[in-house]
Amino acid sequence: MATLISRFTDAKRVVIKIGSSLLVDSKNGRLRRDWLIALSQDIAKMRRRGQEVLVVSSGSIALGRNILGLKNAPLRLEESQAAAATGQIQLAHAYQEILALENIPVAQILLTPGDTEERRRYLNARSTITTLLSLGALPVVNENDTVATIEIRYGDNDRLAARVAQMISADCLILLSDVDGLYTADPKSGAEAKLIREVSELHDDILAMAGKTKTDVGRGGMETKLKAAQIAMAAGCNMFIASGTIPHPLQALEDGANSTCFIAYDTPRKARKKWIAASLSARGRLVIDKGAEKALNSGKSLLPAGVIKVEGPFERGDLVMVTNCEGQDLGRGLVAYSSEDAECIIGHKSGEIEEILGYSGRNEMIHRDELALN
Ligand code: GLU
């Protein structure tokens, strides 16, 4: 039985969400450099033990409003977008400069909901981020606040972080903020409040506690944290709520500081396959040969060489069915090529794809992580 904290220390791919109140001093609106330096040492330690780390960082609006002299709350939409544009550049610069002290290259990624919700863009964002991770970079993600409109935005970085964790099949998400966990009552109210250490199911009693733990800065409260937990748990990702107010918050978590751990229902891989299997409408069909069928059954990806027939039309990223020549339904998956391009490369070796299509696409027609066999 895994201990709670091993769900953090043994995780392979960890998303860390950092709230505005941690990074930006509420008194003077400036970046808390020392805190970020300490955090980057914690991140370096995680990477040394082989963990992949991605940061979702808030703070652009809080930093930008100070730079622009926008002192009076609340900001109008266009003011917060202007503040985000100004603050984001400073935020990215701070990450780059401070992580460089640990020799960690930083990559900035600004997302809008379409990037995690629409499958075609989703596949692109997913592969860019996983490529960055495999190249040893630390992706620092924020919402693209300057272009997001009110209707089309995540709105808070708790949910954005959960969506990113889901998108990249992370197995651990840590929400660092000014609260150290979920309590049975508001700890600041004076009433007896007990910290809940572990949540394995989000039943109504837990959801009702959302209003009872108050956080005071940034957009997300406990409610958005529980929404993030819902997304993460279903995606196979364990999630921690932990305090970031101290220096070295990740080290403190490892050493047993207060936290609430929301336990994932599955592994990310199983969760992803379930999600694919449950996705309703398949847009097309790939008929594959015996060799490919054998390869799939032994856990391999579907290569263009093993596909005999393409039935479309479908676009890259669509869900397609996979059958053998006898018409037997083998499973379904997200296809890496449009039906038009797939037609051209079936029966060919992956090394020939670039020459045929004029661009270097994926080696796989359907990657095994995107495939759910029956
Ligand atoms: N994206 C916003 C920012 O960088 C933060 C949203 C949040 O506080 O959750 O300022």
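The values are calculated or read from the model by the stated rules, or taken from the named source; none is laboratory data. Just so you know, these numbers come straight off a predicted model, no measurement behind them. Positions of Cβ are backbone-derived with ideal geometry, glycine not excepted, and every protein chain shown enters the neighbour counts. To get the accessible areas, we keep the full protein, side chains included, count just its heavy atoms, and leave off ligands, DNA and RNA. Shrake-Rupley method; radii C 1.70, N 1.55, O 1.52, S 1.80 Å.
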Within region 22-33, identify whether any single residue is within 20 Å of Ala107 (Cα to Cα) and within 16 Å of the ligand (Cβ to nearest atom), and answer yes or no. yes
Taking the options Lys300, Lys349, Lys309, name whichever one is within 30 Å of the chain's Cα centre (by Cα) and touching a residue at least 24 places away in the same chain (Cβ under 8 Å). Lys300
So Arg269 ticks every box in (1) surrounded by fewer than 16 Cβ atoms within 10 Å (Cβ to Cβ); (2) of a type in the set (Lys, Arg); (3) more than 27 Å from the chain's Cα centre (by Cα) but one. Which box is left unticked? (3)
Within the bounds of region 67-83, is there any residue that is farther than 15 Å from His248 by Cα, within 12 Å of the ligand (Cβ to nearest atom), free of Cβ contacts under 8 Å to residues at least 40 places away in the same chain and not small (Gly, Ala, Ser)? yes
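So that you can scan it fast, the table gives a plain yes or no per residue for (1) farther than 18 Å from Arg13 by Cα; (2) in contact (Cβ under 8 Å) with a residue 24 or more places away in the chain; (3) within 16 Å of the ligand (Cβ to nearest atom):
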| residue | (1), (2), (3) |
| --- | --- |
| Ile89 | yes, no, yes |
| Ala94 | yes, yes, yes |
| Ala100 | yes, no, no |
| Pro105 | no, yes, no |
| Ile109 | no, yes, yes |
| Ala125 | no, yes, no |
| Thr128 | no, no, no |
| Thr131 | no, no, no |
Does region 260-269 include one or more residues that are of a type in the set (Lys, Arg) and modelled with pLDDT under 90? yes
Using the structure shown, decide if Val14 is touching a Lys or Arg at 6+ places or on another chain (Cβ under 7 Å) and either of a type outside the set (A, V, I, L, M, F, W, C) or assigned to a strand (DSSP E or B) (or both). no
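Before we move on, is Asp180 modelled with pLDDT under 90 and either closer than 19 Å to Ile5 by Cβ or open to solvent by 40 Å² or more (accessible area, probe 1.4 Å) (or both)? Reasoning before the result, please.
Numbers: modelled with pLDDT under 90: no; either closer than 19 Å to Ile5 by Cβ or open to solvent by 40 Å² or more (accessible area, probe 1.4 Å) (or both): yes.
For Asp180, the condition - modelled with pLDDT under 90 and either closer than 19 Å to Ile5 by Cβ or open to solvent by 40 Å² or more (accessible area, probe 1.4 Å) (or both) - is not met.
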Answer yes or no: is there a residue in region 336-348 that is in contact with an Asp or Glu (Cβ under 7 Å, 6 or more places away or on another chain), of a type in the set (Gly, Ala, Ser) and more than 23 Å from Ser169 (Cβ to Cβ). yes
Which one is farthest from the ligand (Cβ to nearest atom) among residues in region 155-198 that are assigned to a strand (DSSP E or B) and more than 30 Å from Glu118 (Cα to Cα)? Glu198
When you look at Glu201, is it open to solvent by 50 Å² or more (accessible area, probe 1.4 Å), of a type outside the set (Phe, Trp, Tyr), part of a loop (DSSP other than H, G, I, E, B) and modelled with pLDDT of 90 or more, yes or no? yes
